[in-house]
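In what follows, a structure is listed as structure tokens, so that the remarks can point back to it.
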Amino acid sequence: MSSDVDVAAPGIGLPEGDEAEAQAGLWRRAYDNLRAGNLGILPIVIGLALIVVFFSYKATNFFTADNFNNIIVQMAGLTMLAFGVVFVLLLGEIDLSIGYLSGIAALAVAEFQLPGSGHAYPGVVAIAIAVGLCALIGGAQGSVVALVGVPSFVVTLAGLLIWQGVILQVLEIKGVIVIQDKWINDTANYYFTSRAGWIIAAVVTGSYALAMLGSVVGKLRAGVAIRSPLLIVAKVLGVAAATFGTVAISNHANVPNGLPLAGVLVVIFLIGLTFLAKRTPFGRHVYAVGGNAEAARRAGINVPRIRIIVFMISGAMAGVGGVILAARLNSVDLNVGGGTLLLDAISAAVIGGTSLFGGRGEVRSALIGALVIATVSNGLNTAGYKTGTIYIVTGVILLLAVTLDTVARRLQARSGR
Amino acid sequence: MSETPILQLRGITKSFGSVQALADVDFEVLPGEVMALVGDNGAGKSTLVKCVAGTHSPDSGEILFEGKPVTIHGPKDAAKLGIEVVYQDLALCDNLDVVQNMYLGREERDWLWRLKEPLMEQRTADTLRSLSVTTIRSIRQPVASLSGGQRQSVAVAKAVQWNSRLVILDEPTAALGVAQTRQVLELVKRLGDQGLSVVLISHNLHDVFEVATRITVLRLGRDVGVYEREKTTQQEVVQAITAGIPTRVAGIPETTPELAS
Ligand SMILES: Nc1ncnc2c1ncn2[C@@H]1O[C@H](COP(=O)(O)OP(=O)(O)OP(=O)(O)O)[C@@H](O)[C@H]1O
Ligand SMILES: [Mg+2]
């Protein structure tokens, strides 16, 4: 280490002489994020807390362990769709086909488990076929977007119509298909015993703490400054509180007693997709394409490939969500994939803080947004409001969230350059 | 010339439909020199650069790298040879931070496909330090929050950190203020001092005369001359840019007397 080089560059965040940076790290990073128009999840967490407090006063049977489990299962399918939406929005694209694509998955999973149909497979195989089919369809739609250059809005709008049409044509003849396979139905109806629940909470918290420790060791070994060690401790404590808290409440519930498998599935996908988005080159490239596609291309990134894979992810997540939604009803009927599912999924991602303009957002925002939507609709329901009110309130929340995003973006434009 | 040019273009021609952007252009860069490429708007400077970067393929002509003929089909091919381009309209992702931009498209990853963030952060700090880019407070801040000069410095640093041999800068100071222009010119000088070859495109002859060793003038898609900085004047270069050199465009009477006088 030659000292003259060190003198030449005192300003860069370097390991040595960095105590001050580590101390001020938290605030500085918060300030940098604000300057860049990155508000994070703070507003939405505050909003969610307010919603919960409000309904707890408004409806007597809202703030109960039973209803807590209800909300988890109600939101699971929606959350899966919203995970896929986050990736598509990160590219600055849109996928309008996911609602009915989830219906196609439901149809496929019901059809391929149907006893006596001649193509009855074990539940797991039926699920794999349904999800794989949706991934293929998503990839096909993505190819038209990425290779031909048709706007994703149009391609997936066509997809919306086509897959709705397919569902109508099939189910007009068949009516309702009942799902009897236990594996499939379990995705929405299985509850862990209380001991299994505690073990799951311990495993999740333990692996998170280990992963954090691993990254700290990695940084120390490379001699890179650890900014805000306090934040790391706070994060681990937060995850511990969230997981153990969830299990405690779920174990306390009566009617469906125990931690719902659907909730665990959501967490598994949350972790897996967050890893994909934040820790792999692929995820980095998704952010890059969404931020500046031309820069990404010049950096040697295969932009069409990234786009196609993202639409495959979107399709696959619609498939996973469709299976869970069908399992919850134990059947598939003419309404499958319709209603407000598509718009709720997009709203969830956006309410959670993912930008419609591309390049900004997190996988977890889908979970947070879905939590808001499911809580509001569940709360209004238990308080005795009609469907119309639910739509209006959800709409207002969506508008607020996007307004916040737009204002943040304007701040970013002003601070940049 | 005893020294083999690191980059040599021979008879490059390129048309976009009816627009002839480049006509029979010769161009060369020697190892370790800062070669300026100047010319009026639309002279074909950016097009020439894009032919070298593989964004456009020339209609005819050949490209030699270190004396050997090469074909370049895209940024990856150019990077393999050690050619890096910093474009006129910056190629940074505003939503990513400095480290992420520096490694964009060439991320270090382990066997589990995990990004090696600490390693990339460390090396980014080293690169910036070696180039004396000192004003960036944190390399983990999004590029959107940097000033124009800082962004340009990041773009240049990104280009030089891959053991590149030849760095092409397309109007790196066009949008910058006085102090920030200084910052980038100092950086260009240091690249030359470190033995890299640099092609500098600029409209500002003052800047060009400060850092370049030689100057190539393009006019209406043709190369009209190569000047050594030591042996020429700004006036002569301006004349070449606007009117061409009399000997080259013989037959246009107005150009001859001026130079003769
Ligand atoms: N992709 C393209 N399609 C059609 N014409 C083009 C294209 N790119 C460049 N041209 C034309 O080629 C000519 C040279 O353009 P070029 O961008 O190389 O000029 P330049 O010397 O870089 O100018 P400036 O100083 O303004 O950057 C111009 O007449 C331009 O209109
Ligand atoms: Mg140009």
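Laid out as a table, the results:
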| item | result |
| --- | --- |
| Relative contact order %, chain B, counting alpha carbon pairs below 8 Å whose residues are six or more apart | 25 percent |
| Solvent-accessible surface ranking, highest first, for B:S202, B:S18 at 1.4 angstrom | B:S18, B:S202 |
| Probe 1.4 Å, accessible area per residue of the stretch A:238-295, Å² | 39 Å² |
| Computed E for A:V178/A:V154 - FRET, C-beta separation, R0 25 angstrom, nearest 0.05 | 0.10 |
| Value of relative contact order over the stretch A:306-417, rounded to a whole percent, pairs C-alpha under 8 Å and six or more apart | 19 percent |
| Cα long-axis angle, helix B:148-160 against chain B (0 to 90 degrees, to the nearest 10) | 90 degrees |
| Partners for B:K80 among lysines (Cα-Cα distance below 21 Å; same-chain residues under 8 apart left out) | B:K50, B:K68, B:K158 |
| All lysines inside 24 Å of A:K182 as judged from Cα atoms, apart from same-chain residues fewer than 8 positions distant | A:K174 |
| Estimated distance in nm for a label pair at B:A174 and A:S331, the labels positioned 7 Å out from Cα along Cα-to-Cβ | 6.6 nm |
| Angle in degrees between helix A:65-90 and the longest Cα principal axis of chain A, rounded to the nearest 10 | 70 degrees |
| Solvent-accessible area per residue for the stretch A:316-361 (1.4 angstrom probe, square angstrom) | 30 Å² |
| For the stretch B:108-248, alpha-carbon Rg and Dmax in angstrom | 18.3, 64 |
| Cβ neighbours within 10 Å from other chains - mean over A:283-289 | 4 |
| Taking the convex hull of Cα positions in chain A, its mean projected area over all directions (nm²) | 23.1 nm² |
| Among beta bridges that DSSP assigns inside the protein assembly as shown, antiparallel share in %, nearest 5 | 60 percent |
| Chain A, relative contact order in percent, only Cα pairs under 8 angstrom and at least six apart counted | 34 percent |
| Rounded, prolate or oblate (a/c below 1.5 giving rounded, otherwise prolate when a/b exceeds b/c) for the stretch A:70-205 by Cα gyration tensor | oblate |
| Shielding by other protein chains, B:103-115, mean Cβ within 10 Å | 5 |
| For the stretch A:95-151, alpha-carbon Rg and Dmax in angstrom | 13.7, 44 |
| Pairwise Cα inverse-distance average, inverted: Kirkwood Rh of the stretch B:39-101 (Å) | 13.4 Å |
| Chain A, helix-only ellipticity at 222 nm - DSSP H runs n ≥ 4, -39,500 (n - 2.57), divided by all residues, nearest 500 | -25000 deg cm²/dmol |
| Overall form of the stretch A:141-216 per C-alpha gyration tensor (a/c, 1.5; a/b vs b/c) | oblate |
| Stokes-Einstein diffusion coefficient of the stretch A:279-372, Kirkwood radius over Cα pairs, 4 °C, 1.567 mPa s, in µm²/s | 87 µm²/s |
| Protein accessible area in the stretch B:1-131, 1.4 Å probe - carbon and sulfur % | 48 percent |
| Environment charge at B:R123 (Cβ cut-off 13 Å; Lys +1, Arg +1, Asp -1, Glu -1) | -1 |
| Whole-number D in µm²/s for the stretch B:25-137 (Stokes-Einstein; Kirkwood sum over Cα pairs; 20 °C, 1.002 mPa s) | 127 µm²/s |
| Gyration tensor (Cα) of the stretch A:314-417, equivalent ellipsoid semi-axes in angstrom | 29, 18, 10 |
| Structure-based [θ]222 nm, chain B - -39500 (n - 2.57) summed over DSSP H runs of at least 4, per residue, nearest 500 | -9500 deg cm²/dmol |
| Label-point separation, A:L399 to B:K231 (7 Å along Cα→Cβ), nm | 7.4 nm |
| Reference-scaled alpha-carbon Rg (2.2 N^0.38 Å with N residues) for the stretch A:371-410 | 1.36 |
| Aspartates and glutamates whose Cα lies under 20 Å from that of A:K235, excluding same-chain neighbours fewer than 8 positions away | A:E21, A:D32, A:E362, B:E117 |
| A:L325, A:L147, A:L171, ranked by accessible area, largest first (probe 1.4 Å) | A:L147, A:L325, A:L171 |
| Computed lengthening from A:L213 to A:L50, 0.36 nm per intervening residue step minus Cα-Cα distance | 55.3 nm |
| Amide proton proximity set for B:V86, modelled H, under 5 Å, gap of 5+ | B:I168, B:L169, B:D170 |
| Accessible surface buried once B binds A (1.4 Å probe; total of both sides; Å²) | 3700 Å² |
| Accessible surface of chain A, 1.4 Å probe, proportion on carbon and sulfur as whole % | 68 percent |
| Ratio of the Cα radius of gyration of chain B to 2.2 N^0.38 Å, where N counts its residues | 1.06 |
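The values are calculated or read from the model by the stated rules, or taken from the named source; none is laboratory data. Please read all numbers here as calculations on a predicted model, not as lab measurements. Every residue, glycine among them, receives a Cβ derived from its backbone with ideal geometry; neighbour counts consider all protein chains shown. Quick note on the areas: whole protein, heavy atoms, side chains included, nothing else; ligands and nucleic acids left out. Shrake-Rupley method; radii C 1.70, N 1.55, O 1.52, S 1.80 Å.
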